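Presented below is the structure to which this report refers.
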Amino acid sequence: MNGFRLGFVGKSSTWSLLKSLVFPDYVSLRYVNDDHDCKELDLVIVERYMADLVHCQKSFLLSDASIDGVIETVIKGLGLSYLNVGIDVGNSRCGVIVLVEDIPIMHVTLGFARLMRLMRRISRQLSVNLIIGTSPGVSSLVRDLLESLSDVNVKVKVINEDMVNGKKNLFRSRYPYLTIDELDSLVYAFTGLTTTQS
């Protein structure tokens, strides 16, 4: 899998939000101006107020233009049934990376309460392989997160922060647009996926 080609129809503020959430290396974006622009796209996300004007075959309505809503719409619109999600838990900021197989497609930094809400929202609809980094300073937060997800379809792998410290620099130059928390969560995700397969 090389990535996805997404189209969008709607407000410029939502377009900007979508652009800030995707990995440009693996998700190409196109603003759809007419039906011809729909060709060769895997998905066209359409804000509800524009629904009657768009006739693209592979379109999906966006009802909620929040960060959570955009992430959920991309996942649902692509028809995914399984996701890998890397998480760097923190007291004030949590990095989140969404991967399809081993391809990172979305990244975001959220507060802890919002992270729990997003993970519950996503894992109600599909199977999620959660790869979480932990250290003594955040172990209680990791425990709280896992307890909040105990009734949804989540498989969990915990990665010790010490395992990944030397790997961050490899990814920093490759993905300069990631926050430090997102970079950590990407390293956790890749480490977890590699150790799962070996």
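Throughout, read-outs are computed from the coordinates displayed, never taken from laboratory work. These numbers were taken from a predicted model, which means no experiment stands behind them. Using ideal geometry, Cβ is built from the backbone for each residue, glycine included, and neighbour counts are taken over all protein chains shown.
Straight Cα distances below 16 angstrom link Lys11 to the aspartates and glutamates Asp34, Glu47, Asp52, Asp64, with same-chain residues fewer than 8 positions distant left out.
Across the stretch 4-78, the volume of the C-alpha convex hull divided among the residues equals 77 Å³ per residue. The sum of -39500 (n - 2.57) across all DSSP H runs of n ≥ 4, divided by the residue count of the chain, sets its helix-only mean residue ellipticity at 222 nm to -10000 deg cm²/dmol. Once the Cα atoms are used to define both axes, helix 139-148 deviates from the longest principal axis of the chain by about 50 degrees. Relative to the longest principal axis of the Cα atoms of the chain, the long axis of helix 112-123 lies at roughly 60 degrees. For the chain, the Cys residues with no second cysteine's beta carbon closer than 4.7 Å are Cys94. Computed from Cα positions, the angle between helix 180-197 and the longest principal axis of the chain comes to roughly 80 degrees. Under 5 Å between amide hydrogens, built in the peptide plane, is the criterion, and for Asn129 it picks out Leu83, Asn84, Val85, Lys155 among residues at least 5 positions away or on other chains. For the stretch 125-179, averaging the sequence separation of C-alpha pairs within contact (under 8 Å, six or more residues apart) and dividing by the residue count gives a relative contact order of 45 percent. The Met50 and Lys19 beta-carbon pair, evaluated with R₀ = 22 Å, returns a calculated FRET efficiency of approximately 0.80.
Full-extension gain between Lys167 and Ser28, please, as 0.36 nm times their residue separation minus the C-alpha to C-alpha distance. Show your work: numbers first, answer last.
Details: separation 139, 0.36 × 139 = 50.04 nm, distance 2.67 nm.
My answer for the length gained is 47.4 nm.
Under the criterion of Cα pairs below 8 Å and six or more residues apart, the relative contact order for the stretch 4-78 equals 32 percent. If you sort the three axes of the alpha carbon gyration tensor as a ≥ b ≥ c, you get a/c of 1.5 or more for the stretch 110-171 and a/b above b/c, which makes it prolate. Inter-label distance, Asp144 to Tyr177: 3.1 nm, where each label sits 7 Å from its Cα along the C-beta direction. Start at zero, step by 5 Å, and the Cα-Cα distances of the chain spread as 1, 8, 16, 20, 19, 15, 10, 6, 3, 1, 0 percent across the bins.
Nearest 5 is fine: what % of DSSP beta bridges in the chain come out antiparallel, could you say? It would help to have the intermediate numbers written out before the result.
On the way: 13 of 40 bridges.
If I count the DSSP bridges inside the chain, around 30 percent turn out antiparallel.
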